[in-house]
Structure formats: C-alpha cells, structure tokens
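Single-structure report; data block below.
FYI, it's all coordinate maths here, none of it is from the lab. This structure is a prediction, so every number in the text was calculated from the model and none was measured. Cβ atoms come from the backbone with ideal geometry, glycine included; neighbour counts cover every protein chain shown.
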Amino acid sequence: MVASGTFGYAEEFKDFISLKNLGAIVSKTITLKPRQGNAPPRTCETPAGMLNSIGLENPGIEFFIDEKLPLLKKIGVPIIVSIASEGGPEEFIILAERLDKLGEVSAIELNISCPNIKVTKTQGQCASLPEGDKVTRLISQDAKATHDLVKKVRKVTRKTLITKLSPNVTDIVEIAKAAEEAGSDALALINTLPGMSIDVETRKPRIAMGCGGLSGPAIRPVALRMVWEVYQKVKIPIIGMGGIIDTTSALEFFIAGATAISVGTANFINPKVSVEIIKGIKEYLVKNKIKDIKELEGSLKL
Amino acid sequence: MKIWQKKAKIISNYKLADKYLRAVLHTAKIARIAAPGQFVMLKIDNSLTPLLRRPFSIHRVDGSKIEVLYEVVGEATEILSKRKAGGHIDVIGPLGNGFDCRAPHTGHRRRPILVAGGMGVAPLVFLAKNFKKVKGLVLIGAKTKKQILCEKEFQRLGFDVKIATDDGSLGFKGKVTGLLEKILLSAVSCQLSAVYACGPRPMLKEISRISNKYNIPAQISLEEHMACGIGACLGCVVNTKEGFKRVCKEGPVFWAEEILW
C-alpha cells in the first residue's frame with residue numbers, strides 16, 4: 001500500500017500508474033476542521049532521506065467525504081483513512097464515528113504519532129493529550145494514552161482499526177502491546193523520526209518549523225529493527241514501512257515480520273515505485289518457488 | 001494536462017560559461033506538450049544521495065528535445081554537470097501551470113516585458129519564443145557582467161535587450177528592478193502590456209510592488225523546495241490571498257498581486 005501523506009488523495013498519481021493495482025491507498029491524514037499546515041519551507045533533503053513538517057494540511061473531514069472520498073472510491077482498491085486530532089481523544093472519536101458509517105472506507109488508521117502539529121507553545125511538539133495534562137508528549141509516546149485512545153475509538157467503530165506507531169519512544173513494544181490490548185486490529189510502523197538540518201550560512205534550520213520528520217532510506221534500519229521487535233511480542237498484523245524504495249527493501253520488512261508493507265517517500269522519487277515493487281515481489285516469489293508471501297513473514301533466521 | 005515519466009537520452013550537456021550549463025534531453029512526449037513556464041523534475045543519478053529529484057524550468061523546446069539551463073550550486077547540480085551525452089536521465093514533466101500568455105496585448109498596450117534576475121532567464125527564453133510576433137522587451141539583471149546569460153538568444157528571438165548589473169560592469173548600474181522602474185517612468189511604458197518575471201525572491205517581491213504602483217499586470221515564476229514536484233506532498237506551498245498554494249501545481253507562475261509576502 002501507499003503511506004499516508006505521500007500519495008495525496010491519489011489524483012496526482014493517475015498519470016503514472018494504474019491505481020487499481022495497489023493493495024490499498026492510505027489517505028493523507030484528515031482532521032475534524034480544515035488545517036492550513038505549517039509555514040514553508042516545509043521540506044528539505046538530508047542524506048538518503050528528507051525532513052518534512054507539512055503540519056497535516058488537509059481540507060477537513062466534511063470536504064474529504066464530499067469531494068475526495070468519491071474519487072478514491074472510483075479507483076476500486078481498499079481505502080484506508082488516516083485520522084488525527086488537534087486536541088484530545090474526542091476528535092478521534094467523532095472522526096471514527098463519521099467514517100464508520102461509510103461503506104467505501106475499508107479501514108481507519110490512527111495517526112497518533114505525527115510530530116508536526118503545534119498545539120502547545122512547545123516548539124514542534126504535538127500535544128494531543130487532554131488540556132491540563134502537564135506532560136506535552138505525543139499519544140504514541142505513552143502506553144496508557146495509546147491504550148485509552150484505541151479503546152475509545154474501538155467502541156465507536158467496527159471498521160478495521162490500524163494504529164500507526166512512532167519510533168520516537170524508548171520501547172515501541174510497550175506501545176504496540178497497549179494498542180493491541182485495547183483492540184487495534186493491526187499496527188502500522190514506523191512513522192517519521194524527529195530530525196533537523198541546518199543552513200550553515202544563515203545558521204537557521206532549513207525548514208521553517210525547526211524540526212521535522214525524517215523519512216526515506218536513512219530510517220530503514222530503525223524501522224526494520226522495530227518491526228522485528230514488535231513482531232515477536234504481538235499477534236496482530238504489522239504493516240511495515242520506513243524507507244522502502246525497491247523490492248529488496250520491501251522483502252526485508254516481510255522477513256522481519258510484516259504482513260503488509262507501505263511505500264512512502266519513494267513515491268516522490270519514482271511515482272511508479274509502488275507497482276514496480278508489487279511486480280518485483282511477485283517475481284521473487286516465483287523465482288524462489290514460494291507459494292504464499294506468508295511464508296516469508298517473520299522468517300528472519302537468528 | 002498529462003504528465004509523463006520518461007527516461008530521456010542526454011543529447012548534450014555543455015558549458016555556457018563558468019558554472020552555467022545547458023542540457024539537451026530527448027523526450028518527445030514531454031517536448032510536444034510543454035508550455036513556457038513549466039518545469040521538469042530530474043532524477044540526477046541512481047544513488048540515494050542526492051535522493052530527491054530536482055526541478056528545472058524548461059528553457060527551450062526543439063522538436064522532440066527539451067533543454068534545461070542550470071547553474072552548479074550544490075552536490076546534485078555538480079553531478080548533473082558531469083553526466084555525459086548518450087546517458088539517460090529520468091524525467092517527469094511537463095509540470096506546473098506555465099505563463100498565461102493571453103495577458104492583455106490589446107489596445108495601445110502592446111509589448112510584453114520580460115524581467116530576468118540571474119538564472120531567471122531560463123524559463124523566459126521559452127516564453128520569448130511564444131511572443132515572436134510581438135517585439136517585446138527583456139531586462140536581464142545579475143551581480144556582474146559574467147553572470148548575464150542568454151542575451152543573444154533573446155536578440156535572435158526579436159526582443160530588445162537591456163542589461164542591469166549590480167556593479168555596473170555592463171549596462172545599467174543597479175538592480176534589474178531599478179531598471180524596470182526607470183523604463184516604466186518613461187514614455188515607453190504606455191506600450192507595455194504586462195511583466196513576466198523570474199528570479200530571486202527579493203526581486204519578485206519588488207516586481208510585485210512595481211506592478212501595483214504602476215498598475216501593470218505582472219506574472220512571476222516562483223521557486224520553493226520541492227520533494228515530489230507533482231502536487232502530492234504539499235511541501236512547496238506559497239502563501240497567497242486564497243491560502244496556501246502549491247508552487248509545483250497551482251504555480252510556479254502566479255500573478256504578483258496574489259502573493260502574500
């Protein structure tokens with residue numbers, strides 16, 4: 001599938017690939033109200049990667065349902081809608097309830113790990129915890145907060161629920177287990193890593209918000225390690241992502257324990273990469289006489 | 001409009017002057033539909049650093065070939081400068097909205113005026129070709145004489161060329177926008193239909209002020225760091241009166257009055 005925030009709402013890619021060949025499309029994260037996003041510059045390149053602080057620019061849930069979802073539906077592949085809150089679990093619940101009623105939505109992905117929303121005065125931090133809470137962290141950095149949120153959303157929807165995890169934690173397994181226990185149907189990992197790049201002439205960060213999320217091949221070793229760790233401790237499926245740019249890197253994630261994989265940043269470099277990888281995986285299975293990709297899953301030999 | 005992703009053969013990649021090069025790429029499908037003001041995203045090489053494509057405005061089109069004009073400013077352009085004829089480069093294009101050439105050329109306001117700052121000449125040569133039937137005016141500005149590019153190309157296209165250099169080594173001494181204002185103050189100004197500008201941001205901000213002051217419509221071609229170049233990532237936005245717009249999709253050409261500087 002294609003990762004949230006890297007494929008827009010699919011329109012921009014129709015000239016490059018046959019969209020119906022994708023396993024699924026994960027939409028850009030939607031919030032209750034429209035968001036303008038952060039001031040530019042929002043992106044910069046780093047070695048084998050890039051930083052982004054888009055800031056969840058999106059047209060809001062109602063516009064998405066009215067204008068974007070019908071176009072996505074026409075493609076004919078599963079649509080996974082990524083949602084986030086600008087403040088507290090309540091918005092997640094409202095969004096989930098809204099999407100629960102729509103047949104064209106195959107699954108909901110909880111973006112509890114976006115580091116680019118400025119809710120408090122703390123530079124670049126996303127405080128999605130309820131007001132009054134002194135700790136300004138992401139929900140995904142707190143096992144109890146993750147558990148509470150997933151449990152609340154679980155109550156209002158029967159859709160397949162995917163929790164997207166942040167790597168910016170001491171122990172991702174703890175967060176993964178909390179999400180699983182609270183009723184998450186699957187886990188998506190990893191989101192971006194907080195990072196920075198500095199212009200030495202101006203002495204300013206190269207992106208306006210200072211810090212941004214690092215993605216691309218540079219984060220792949222971190223992502224693989226985390227998929228492997230989580231795989232050993234949870235039973236629910238893992239959607240692995242983080243720097244996949246070709247068939248080989250995709251296969252690494254299956255071997256590490258992913259049931260499915262998602263391609264993100266690579267779409268910017270090669271808009272055809274997603275279908276090239278699908279084709280490459282099929283060729284690998286045929287060449288190695290593997291009947292089902294599930295044989296690869298978690299087959300890492302230690 | 002359709003966007004293509006093609007492996008283009010490098011026909012030539014040659015130096016114009018120190019650090020300035022021209023690459024000629026064979027890419028028929030893109031060349032056929034490219035419009036002035038549009039750009040392409042080039043994957044410089046197959047490595048992971050540089051990772052992202054780089055945007056280059058379409059400088060000229062000749063049959064099934066497109067040309068890009070570029071300056072070596074960093075690692076990616078350094079690598080590009082060493083790519084040889086015969087090799088291939090992955091191209092996505094044509095991208096962006098292009099110049100609106102329907103801008104008023106009616107009544108006694110006949111001449112378009114193109115204003116280029118430094119490397120801003122690149123897309124304006126393509127635009128100038130579009131205006132062949134009208135004897136337009138082009139102002140080229142740079143820090144110094146050595147950085148003035150494409151004077152002959154504009155002349156061959158039938159344009160009057162005026163030069164401005166910061167250090168006075170050639171033509172008007174001062175910024176190209178200073179030269180523009182001087183021209184607008186003179187009798188010639190009543191024949192100018194619209195301004196088409198490309199160059200550094202401060203120059204374009206000045207163009208905006210001048211456009212407003214002299215009530216002459218101005219189109220500016222903006223730049224912003226791009227990750228995808230195709231409108232998907234939302235990285236390259238610019239603030240306008242109608243909110244954030246993507247430089248790669250709703251731009252790179254904007255009416256100067258739209259931009260919130």
| message | Counting only helical runs of four or more DSSP H residues, what would the 222 nm mean residue ellipticity of the protein assembly as shown come to if each run contributes -39,500 (n - 2.57) and the total is spread over all its residues? | response | -7000 deg cm²/dmol
| In square nanometres, what is one fourth of the surface area of the convex hull spanned by the alpha carbons of chain A? | 15.6
| request: Take the Cα atoms of segment B:4-95, build their convex hull, and give its volume per residue in Å³. | output: 84
| Cα-projected label distance for residue B:133 with residue B:7, points at 7 Å along beta-carbon direction, nm | 4.2
| task | Please report the relative contact order for chain B, taking Cα pairs under 8 Å with a sequence separation of at least 6, and give it as a percent rounded to a whole number. | result | 17
| query | Tell me, how many Å apart are the Cα centres for segment A:17-32 and for segment A:49-87? | reply | 8
| When only Cα pairs under 8 Å and 6 or more residues apart are kept, what is the percent relative contact order across chain A? | 17
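Starting from the Kirkwood radius over alpha-carbon pairs of the protein assembly as shown, derive D by Stokes-Einstein at 20 °C in a medium of 1.002 mPa s and give it in µm² s⁻¹. Walk me through the numbers on the way to the answer.
On the way: Rh = 25.1 Å.
In µm²/s, the coefficient rounds to 85.
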| remark: Within the under-15-Å Cβ sphere about residue B:54, not counting residue B:54, Lys/Arg +1 and Asp/Glu -1 give a net charge of -4
| request: Select from A:198, A:238, A:94 the residue whose mean-square fluctuation is largest in a Gaussian network model of chain A (Cα-Cα springs shorter than 10 Å). | output: A:198
| message | What lysines does residue B:84 reach when the alpha-carbon gap must be under 20 Å and sequence neighbours fewer than 8 apart in one chain are set aside? | response | B:6, B:7, B:9, B:15, B:19, B:43, B:65
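Stick to the Cα atoms of chain B, pair each with every other, and give me the Kirkwood hydrodynamic radius in Å at one decimal.
Working: mean 1/r = 0.0538 Å⁻¹.
That comes to 18.6 Å for chain B.
Return one quarter of the surface area of the convex hull spanned by the alpha-carbon atoms of segment B:111-258, equal to its mean projected area, in nm². Walk me through the numbers on the way to the answer.
On the way: hull surface 35.3 nm².
Mean orientational projected area (segment B:111-258, Cα hull): 8.8 nm².
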| remark: Simple SL model, points at 7 angstrom along Cα→Cβ for residue A:18 and residue A:248; separation in nm is 2.8
| said: Residue by residue through A:41-49, how many Cβ atoms from other chains fall within 10 Å of the Cβ on average? | reply: 6
| said: Contact order normalised by length for segment A:11-105, with contacts defined as Cα pairs under 8 Å and 6 or more residues apart; what percent is it? | reply: 35
| query | Taking Cα atoms, how many degrees apart are the long axis of helix B:201-213 and the longest axis of chain B, rounded to 10 and kept between 0 and 90? | reply | 30
| said: Nearest 10 degrees is fine. How inclined is helix B:176-185 to the longest principal axis of chain B, computing both from alpha carbons? | reply: 30
